[in-house]
Amino acid sequence: MKSQKQQILDHILKHGSITPNEADTHFGCKRLSARIWDLIHKDGYNIKCKIEHGKNKHGTKCSYARYYIERGAT
């Protein structure tokens, strides 16, 4: 079985990005930022973050991170 870190990287490469909600839903990852830190600082990936705004399941405004690899960067 692949590690959470590898599953997250595979997801980003396949789908273009990942959010904390997606990481939790698909891989049971509660600390996406920690796995992203590992991918950046231990494995050398050029992963970027942008903050998006939306609503949570209760309809309240919220902000969340979306992580992605810039085109042409690894």
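The values are calculated or read from the model by the stated rules, or taken from the named source; none is laboratory data. What you are looking at is a predicted structure, and each value in this text was computed from that prediction instead of being measured. All Cβ positions, even for glycine, are placed from backbone atoms using ideal geometry, and neighbour counts span all protein chains on display. Remember, those area values only see protein heavy atoms, side chains included, never the ligands or the DNA or RNA. Shrake-Rupley method; radii C 1.70, N 1.55, O 1.52, S 1.80 Å.
Please count how many residues of region 31-55 are touching a helix residue (DSSP H, G or I) at 6+ places or on another chain (Cβ under 6 Å) and open to solvent by 60 Å² or more (accessible area, probe 1.4 Å).
1
Can you name the condition, by its number, that Gly44 falls short on among (1) in a helix (DSSP H, G or I); (2) more than 11 Å from the chain's Cα centre (by Cα)?
Result: Gly44 fails condition (1) only.
Could you list, ordered by first residue, the pairs with Cβ atoms under 8 Å in which the first is in region 9-33 and among the small types (Gly, Ala, Ser) and the second is not in a helix (DSSP H, G or I), at least 6 apart or interchain?
If the second residue must be not in a helix (DSSP H, G or I), the pairs left are Gly16/Tyr68; Ser17/Arg66; Ser17/Tyr67; Ser17/Tyr68; Ala23/Cys29; Ser33/Ala65.
Return the pairs, sorted by first residue and then second, in which the second residue is surrounded by 10 or more Cβ atoms within 10 Å (Cβ to Cβ), the first residue lies in region 44-64 and is on the phi > 0 side of the Ramachandran plot, the beta carbons are less than 8 Å apart, and the residues are 6+ apart or on different chains.
Gly44/Thr74
Restricting attention to region 63-74, report how many residues are open to solvent by less than 50 Å² (accessible area, probe 1.4 Å) and modelled with pLDDT under 95.
1
Counting only residues that are open to solvent by 50 Å² or more (accessible area, probe 1.4 Å) and touching a helix residue (DSSP H, G or I) at 6+ places or on another chain (Cβ under 7 Å), which one in region 3-19 is nearest to Tyr68 (Cα to Cα)?
Lys5
Quick one: would you say Glu22 is over 20 Å from Lys2 (Cα atoms) and either at pLDDT 95 or above or open to solvent by 60 Å² or more (accessible area, probe 1.4 Å) (or both)?
When the stated conditions are applied, Glu22 does not pass them.
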